[in-house]
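Beneath this line is the structure, given in structure tokens, with notes to follow.
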Amino acid sequence: MLDINSQIRIDEDELAERFIRSPGPGGQNVNKVATAVQLSFDVARSPSLPEPVRRRLIRLAGRRIDRDGILTIEAHRHRTRERNRADARERLAALLAQAAHAPKPRIATRPSRAAKARRLETKKQRGRIKQQRRGVGSGDY
């Protein structure tokens, strides 16, 4: 059971793990032992996810999610299967926690009359400074 928050809990049956050989350098051990893990989670058909969380997760996952709605996380930072397995689960939990947090809706505001006046005054001031930089006869090259 993967606990995300009080409302979201992912059952072990919804997660699929596959151990593969780790990419990159590593000596003789890397060619013999499959320590990297591919953790797959079917986002599209998961009964554990509320619909708004599912939509946000699909948007957050980016290229880690395929057309069928399956999210795949590869973990190969560590040398052992257990640590890579834990790393993949932690990364999935972090992604789910981020998707579970609903963004605060933006409230449209307008600048006050005083703010507009301040902005225009700074623009005028800047224009005066630039105008003073111009020398007499600077157009003669």
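Quick note: the coordinates plus some simple rules give every number you see, no bench work behind them. Just so you know, these numbers come straight off a predicted model, no measurement behind them. Neighbour counts run over all protein chains shown; Cβ positions are idealised from the backbone, glycine included.
Points worth noting:
- You can think of it this way: the chain between Glu12 and Arg64 has 16.7 nm of extra reach, that is 0.36 nm per residue less the Cα-Cα gap.
- Among [x] 84, 28, 24; [y] 79, 44, 26; [z] 53, 28, 21, the entry that matches Cα extents along the principal axes in Å as calculated here: [y]
- Unit charges on C-beta of K, R, D, E only; dipole of the stretch 2-100, Debye: 460
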